[in-house]
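Please read the structure below before turning to the comments.
Derivation of every value follows stated rules applied to the coordinates shown; laboratory data play no part. The structure presented is a predicted model; accordingly, all values stated were derived computationally and were not measured. All Cβ positions, glycine included, derive from the backbone under ideal geometry; neighbour counts span all protein chains shown.
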Amino acid sequence: MSIIQGMPNLGPGLRLHLNENTAGCSPAVLEAIRRVTADDVATYPDYEAAVRETAGLIGADADWVALTNGLDDGLLLTAIAYLMPKAPEGLVTLGALPVAPSGQAEQILVLPTFEPYIINAKALGARTIAIPSDADFAFPLAKVLAAISPNTRLIFINTPHNPSGRPVSEADIRAVIAAAPHAVVFIDEAYHDFQGVHYLSFTREFPNVIVGRTFSKAYGLAGIRVGLLVGPPELLAPIRFVMPLFNLNAVAVAALRAAIADTQFMPWCVAQARESKALLYEALTRLGLPHWKSETNFVLVNAGERLPEFVAGLRAKGVLVRDRSKEHGCAGCFRITMGPVEHTRVAIAALEALCAKP
């Protein structure tokens, strides 16, 4: 059997399993792609306009942002920059030791988590300290603080959290940053558009904070692959050093600029996700399915022992959801993406049909 890169293709169905934007992308994005010329394709892309427009979107200076080939690319580059045996000079000036006392750089994260965090560190020979979340996926602040040591180079804080959809409080984030001035605190804001809360100001307030974002979710560019790192130029310098010179292709640059320029599409998607969550919460409560309130475009649902039946049954009805049951605290759980209300109504109807079975 051939090994094919990427996620397995589950076949036809409403794609509510990968937190994509099932509304698609802005029509302006498609128009921009159609305007890409043969010369654009045949020559290396110029990033200046895209960088400046992205910086303008978030109110940052251009040298405080770095565009990446999806946020996954940004996570990998950050790991390469900060989890190698020798610490970057910029981090040493913040108090990091040039070489970790144990001989192995460490990162700290909370479970369940985004698996690439762990894979990247393993590939680099770094150590991951994985701390289980508290009950109901609460952020285990005391345990995170206790894990910080002179070996710590990188701490991931995912807020709102995937797969629970719960946010990490500002007080907890501040406590971690204060306790680890010698380490990079990476705030993963992949779903911040749906919450309306962000921590970009922390990149100015603290010299050891990087914020990561993606245009895959609310902007609908998952197939294009555009991510964003925001942080002090001194922290981004080691990342830029290992970043491929032309990491974003010309089509992605055109799509990004068009997505940013359309000020209507993204807010509409966020509003649709919010309305969809309200509808789903009501249905799940009525059907007796435990779930967690979410600040993202997805909801984690506990189907208990009926999980295999729900995942397979929904797929048979043309609705794809993500089985998360093997992760910490997620036994019996599946995750379902919230997009346009019309899609959510289809998913609810399928859930109702399954629950009606004897």
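Counting only the backbone N, which residues of segment 182-204 are under 16 Å from the spot 7 Å out from the Cα of Lys293 toward its beta-carbon? Inside the label zone: 195-197.
Residues Lys293, Lys317, Lys217, ranked from the fewest to the most other C-beta atoms within 10 Å, line up as Lys293, Lys317, Lys217. Extension gain for Arg286-Ala261 works out to 4.9 nm (0.36 nm per residue, less the C-alpha to C-alpha distance).
What the pair-distance distribution of segment 1-110 shows, using all Cα-Cα distances binned every 10 Å from zero, is 9, 22, 32, 24, 13, 1 percent.
Note on Ala331 and Val251: the model spin-label points, each 7 Å out from Cα along the C-beta direction, lie 4.5 nm apart. Percent of Cα-Cα pairs more than 27 Å apart in segment 148-274, please. When every Cα pair of segment 148-274 is considered, 25 percent fall beyond 27 Å.
How much length, in nm to one decimal, is gained on full extension between Phe241 and Ala271, taken as 0.36 nm per residue of separation minus their Cα-Cα distance? Walk me through the numbers before you get to the answer.
Numbers: separation 30, 0.36 × 30 = 10.80 nm, distance 3.89 nm.
Gain in length upon complete extension: 6.9 nm.
Normalising the average separation of contacting C-alpha pairs (under 8 angstrom, six or more residues apart) by the number of residues puts the relative contact order of the chain at 24 percent.
Within the chain, DSSP assigns beta bridges of which about 45% are antiparallel (rounded to the nearest 5).
Roughly how many debye, to the nearest 20, is the charge dipole of the chain about its Cα centre, given +1 on each Lys and Arg Cβ, -1 on each Asp and Glu Cβ, and no other charges?
860
Between the residues Pro150, Phe114, Pro163, the greatest Cα displacement towards the positive end of the dipole of segment 61-181, with unit charges on the Cβ of Lys, Arg, Asp and Glu, is found for Pro150.
Here segment 302-328 is scanned for amide nitrogen atoms under 16 Å from the site 7 Å beyond the Cα of Leu279 along Cα-to-Cβ, giving 319-320. Taking label points 7 Å from Cα along the Cα-to-Cβ direction, Glu89 and Met7 give a separation of 4.2 nm. Considering only Gly103, Tyr82, Val29, the residue lying farthest towards the positive end of the dipole of segment 8-105 is Gly103, judged by Cα position with unit charges set on Cβ. Over all other residues within a Cβ to Cβ distance under 14 Å of Arg127, the charged ones net out to +1, with Lys and Arg as +1 and Asp and Glu as -1. Taken as Cα centroids, segment 210-285 and segment 73-93 sit 23 Å apart, rounded to the nearest whole angstrom. Name the residues of segment 320-344 whose amide N is less than 12 Å from a point 7 angstrom out from the Cα of Glu115 along the C-beta direction? From segment 320-344, the list is 323-327.
Between Ser276, Met243, His182, the Cα set farthest toward the positive side of the dipole of the chain (charges on each charged residue's Cβ, about the Cα centre) is that of Ser276.
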